[in-house]
């Protein structure tokens, strides 16, 4: 919401205006942003083989796209396969 553009002024609302309206301290917003950035880039989770979530997503996408590209064309005729 803080990055949203005000239709009246054409400027972003900013964290300084949004946080008091929501009743949360600005430090909570900064902490959440820092946590999200750190988690998605640096934290390595054991269940994912100690790879970051970005690496897991990239590997899945690469596998999915290569499989889709190598699959044969599908026929619309019943029983063609």
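The values are calculated or read from the model by the stated rules, or taken from the named source; none is laboratory data. As the structure is a prediction and not an experimental result, all values here were calculated from the model. Glycine also receives a Cβ, built like all others from the backbone with ideal geometry; neighbour counts cover every protein chain displayed.
Brief remarks follow.
- Pair list, Cβ under 7 Å, 6 or more apart: the stretch 46-57 residue in contact (Cβ under 8 Å) with a residue 40 or more places away in the chain, other residue in a helix (DSSP H, G or I): none
- All of (1) modelled with pLDDT of 75 or more; (2) not in a helix (DSSP H, G or I) hold for residue 17 with one exception: (2).
Results for (1) at pLDDT 85 or above; (2) within 22 Å of the chain's Cα centre (by Cα); (3) surrounded by 10 or more Cβ atoms within 10 Å (Cβ to Cβ); (4) not in a loop (DSSP other than H, G, I, E, B), shown as yes or no for each residue.
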site: 31; (1), (2), (3), (4): yes, yes, yes, yes
site: 37; (1), (2), (3), (4): no, yes, yes, yes
site: 40; (1), (2), (3), (4): no, yes, yes, yes
site: 43; (1), (2), (3), (4): no, yes, yes, no
site: 64; (1), (2), (3), (4): no, yes, yes, yes
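- Here 27, 52 are screened, and the one residue that is modelled with pLDDT of 70 or more and within 20 Å of the chain's Cα centre (by Cα) is 52.
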